[in-house]
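A short write-up of the structure that comes next.
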Amino acid sequence: MSSRAGPRAAGTDGSDFSHRERVANHYKMSAANKSRMRTVAMLHFSLFVLMLLRLSASLLPAINIKPPKTLEIFHFPNPELWEYAWLVSILAMGFAWSSLGKNRVFLLKQYIIGTIVFGFAPIIYGVYEKAFDLLDYAQTRKPKSAVGGVPLVVLWFMFFTIAVQVHGFGVYFSMQLLKAWQPQRTDKKTK
């Protein structure tokens with residue numbers, strides 16, 4: 001074949017394009033959603049690192065390591081149980097990441113279950129616990145605690161908003177991948 005501006009191949013008038021092979025739609029959908037899942041994984045990992053930094057003041061003494069003095073500047077309140085539960089959601093993201101290489105449906109289903117149990121459930125509980133603090137702050141404009149001059153309840157709800165979006169997109173893209181990876185069934189009537 002030649003370029004668009006060059007001469008046409010001998011023996012064709014250009015109307016033979018209809019019989020040429022095309023990439024099946026489910027392959028295109030799989031490639032696009034794999035890329036999106038990798039982006040979601042990077043965002044989830046970023047949130048994980050932020051939460052790990054927030055909890056490091058309580059996690060490091062548990063393994064006999066003294067936390068650095070720079071963490072004392074922020075005056076983080078004591079961690080809550082739902083924060084530790086949310087940290088486990090990174091394991092679910094590990095399932096999703098490892099499923100992308102060879103289209104492993106089982107691992108992707110484990111990611112969906114893990115995200116619902118360890119991603120959404122702790123966040124819903126956290127929203128429930130912090131909702132009254134947010135209402136108090138909205139009415140009085142006096143936060144119960146602040147980190148770096150920013151009300152902690154506002155930071156929490158920023159985290160909740162971002163995390164819900166990351167988990168929601170992750171589950172949506174994984175459902176799209178499951179559709180693309182399912183074998184194409186053709187119902188043939190036998191005689």
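The values are calculated or read from the model by the stated rules, or taken from the named source; none is laboratory data. Everything numeric here is computed off the predicted structure, so don't read it as measured data. Because the Cβ atoms are built from the backbone with ideal geometry, glycine has one as well, and the counts that use them run over all protein chains shown. Protein only, heavy atoms only, side chains kept; ligands, DNA and RNA dropped before computing areas. Shrake-Rupley method; radii C 1.70, N 1.55, O 1.52, S 1.80 Å.
State whether one or more residues within the stretch 148-170 are modelled with pLDDT under 95, open to solvent by 30 Å² or more (accessible area, probe 1.4 Å) and assigned to a loop (DSSP other than H, G, I, E, B). Yes, the stretch 148-170 has at least one match. With the requirement that a residue be over 23 Å from the mean Cα position of the chain (by Cα) and β-branched (Val, Ile, Thr), what does the stretch 102-152 give you? Selection gives Thr140, Val147, Val150. Determine, yes or no, whether Glu83 is among the acidic types (Asp, Glu) and either under 18 Å from Tyr111 (Cα atoms) or open to solvent by less than 90 Å² (accessible area, probe 1.4 Å) (or both). Yes. Against the list (1) under 14 Å from His167 (Cα atoms); (2) open to solvent by 50 Å² or more (accessible area, probe 1.4 Å), the condition Ile112 fails is (2).
Provide a single number: the residues in the stretch 66-82 that are touching a helix residue (DSSP H, G or I) at 6+ places or on another chain (Cβ under 6 Å) and touching a residue at least 40 places away in the same chain (Cβ under 8 Å).
Residues of the stretch 66-82 touching a helix residue (DSSP H, G or I) at 6+ places or on another chain (Cβ under 6 Å): 67, 71, 76, 79, 82.
Keeping just the survivors that are touching a residue at least 40 places away in the same chain (Cβ under 8 Å) gives 76, 82.
The qualifying residues number 2.
Take the conditions within 23 Å of Thr39 (Cβ to Cβ) and either open to solvent by 60 Å² or more (accessible area, probe 1.4 Å) or touching a Cys at 6+ places or on another chain (Cβ under 7 Å) (or both) and apply them to Trp97. Does it pass? So that I can check it myself, show each step before the final result.
Details: within 23 Å of Thr39 (Cβ to Cβ): yes; either open to solvent by 60 Å² or more (accessible area, probe 1.4 Å) or touching a Cys at 6+ places or on another chain (Cβ under 7 Å) (or both): yes.
Yes, satisfied.
Can you name every residue in the stretch 126-147 that is buried (at least 16 other Cβ atoms within 10 Å of the Cβ), assigned to a helix (DSSP H, G or I) and of a type outside the set (Lys, Arg)? Steps first, answer last, please.
Going through the stretch 126-147, the residues buried (at least 16 other Cβ atoms within 10 Å of the Cβ) turn out to be 126-127, 130, 133-134, 137, 143, 147.
Those left that are additionally assigned to a helix (DSSP H, G or I): 126-127, 130, 133-134, 137.
Hits for the stretch 126-147 are Gly126, Val127, Asp133, Leu134, Tyr137.
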